[in-house]
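Peer 1: Would you mind keeping the following structure in view while I ask a few things?
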Amino acid sequence: MKRLAVDLAPEEYTITRLPTGTAPRIDAAGLVSITTTADGVSVICPSPAAPQSEDARPGWRLLTVRGPLEFDLTGVMAALAGELAAAGVTLLAVSTYDTDHVLVRAADLDRAVKALHEAGHEVTPT
């Protein structure tokens, strides 16, 4: 896998779980992901726009692979996840149509950036 250019978003993100059937409307710049399953609705968005919930987990930072990436490109998430896992960093991965995103706990951000730099990836604050 070639070395990746990764952008670090400036804001904090929150991961929220809502009841099944909820249809949240999130008005925010940046990554907003709303995923519905039989077990509930998961929302990932900048913290100021996060819906109120007892099941909200603030304190995440967003790393985005600079794209667009070829749709059938393989190994991008593995390249990031492997390095972060080896450094003991918890992550949440989200893929969109033309790029990949990784959320890491804000408390682990310095360790995550160091691990990616040591693996040869470029991490740039945006």
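Peer 1: Using modelled backbone amide H atoms (1.01 Å from N, in-plane), which distant-in-sequence or interchain residues come within less than 5 Å of residue 100's amide H?
Peer 2: 65
Peer 1: Taking θ as phi - 60°, what are the ³J(HN,Hα) couplings along the stretch 120-126 by the Karplus curve (6.51, -1.76, 1.60), each to the nearest whole Hz, with x for Gly and Pro?
Peer 2: x, 7, 9, 10, 10, x, 10
Peer 1: Order 55, 39, 100, most accessible first, counting only protein heavy atoms with a 1.4 angstrom probe.
Peer 2: Sorted by accessible area, descending: 39, 55, 100.
Peer 1: With every protein chain in place, what's the accessible area of residue 122 (1.4 Å probe, Å², nearest 10)?
Peer 2: Looks like 90 Å² after rounding.
Peer 1: Select from the stretch 1-75 those chymotrypsin sites (Phe, Trp or Tyr not before Pro) which occupy a DSSP coil region and have at most 14 other Cβ atoms within 10 Å, ordered by residue number. Show your work: numbers first, answer last.
Peer 2: On the way: sites: 13, 60, 71; in loops: 71.
Listed in order of number, the matching sites are 71.
Peer 1: State which stretch of the chain is the longest one without any exposed trypsin sites (Lys or Arg not before Pro), exposure meaning a DSSP loop state and at most 14 other Cβ atoms within 10 Å.
Peer 2: It works out to 67-126.
Peer 1: On the accessible surface of the stretch 1-109, probed at 1.4 Å, how many percent belong to carbon and sulfur atoms?
Peer 2: Using a 1.4 Å probe with all protein chains present, the stretch 1-109 comes out at 51 percent carbon and sulfur.
Peer 1: Heavy atoms only, probe 1.4 angstrom, no DNA, RNA or ligands counted: give me 34, 44 ranked by accessible area, highest first.
Peer 2: Heavy-atom accessible area, descending, gives 34, 44.
Peer 1: Counting helices only, and only those DSSP H runs with n ≥ 4, report the 222 nm mean residue ellipticity of the chain as the sum of -39,500 (n - 2.57) divided by its residues, in deg cm²/dmol to the nearest 500.
Peer 2: Helices in the chain give a 222 nm mean residue ellipticity of -5000 deg cm²/dmol.
Peer 1: What translational diffusion coefficient, in µm²/s and rounded to a whole number, does the Stokes-Einstein relation yield for the stretch 20-126 at 37 °C and a viscosity of 0.692 mPa s, taking the hydrodynamic radius as the Kirkwood radius over Cα pairs?
Peer 2: 217
Peer 1: How much of the DSSP beta bridge set in the chain is antiparallel, as a percent to the nearest 5? Numbers along the way, then the final one.
Peer 2: On the way: 28 of 32 bridges.
Given both bridge residues lie in the chain, the antiparallel proportion sits at roughly 90 percent.
Peer 1: For helix 76-86, what angle does its Cα long axis make with the longest principal axis of the chain, in degrees from 0 to 90 and rounded to 10?
Peer 2: The angle comes out near 90 degrees.
Peer 1: Follow-up. Rank these residues by their accessible area, most exposed first, probe 1.4 Å: 101, 117.
Peer 2: Working: 101 15, 117 95 Å².
Output order, biggest surface exposure first: 117, 101.
Peer 1: Turning to a different aspect of this structure: Taking amide H positions as placed 1.01 Å from N in the peptide plane, with prolines and chain starts having none, which residues 5 or more places from residue 28, or on another chain, fall under 5 Å of its amide H?
Peer 2: Those qualifying (amide H under 5 Å, at least 5 residues apart or on another chain) number zero.
Peer 1: Evaluate the charge dipole of the stretch 1-96 about its Cα centre and quote only its size in Debye, nearest 20, assuming +1 on the Cβ of each Lys and Arg and -1 on the Cβ of each Asp and Glu.
Peer 2: The dipole of the stretch 1-96 has a size of about 160 debye.
Peer 1: Hey, what angle do you get for helix 109-118 against the long axis of the chain, alpha-carbon based, 0 to 90 degrees rounded to 10?
Peer 2: Rounded to the nearest ten degrees, it is 30.
Peer 1: Let me know the Kirkwood hydrodynamic radius for the stretch 86-126, please, with Cα pairs as the basis and the value in Å to one decimal. Could you put the intermediate results ahead of the total?
Peer 2: Details: mean 1/r = 0.0899 Å⁻¹.
After inverting the mean inverse Cα-Cα distance, the result is 11.1 Å.
Peer 1: Right, another one. When all protein chains stay in place, what accessible area (Å², nearest 10, 1.4 Å probe) is found for residue 118?
Peer 2: Ignoring ligands and nucleic acids, residue 118 comes out at about 140 Å².
The values are calculated or read from the model by the stated rules, or taken from the named source; none is laboratory data. Being a predicted model, the structure only gives us computed values, none of them experimental. Heads up, the Cβs are rebuilt from the backbone with ideal geometry, glycines too, and the neighbour counts pull from every protein chain shown. Note: accessible area is taken over every heavy atom of the protein model, side chains too, but ligands, DNA and RNA are not part of it. Shrake-Rupley method; radii C 1.70, N 1.55, O 1.52, S 1.80 Å.
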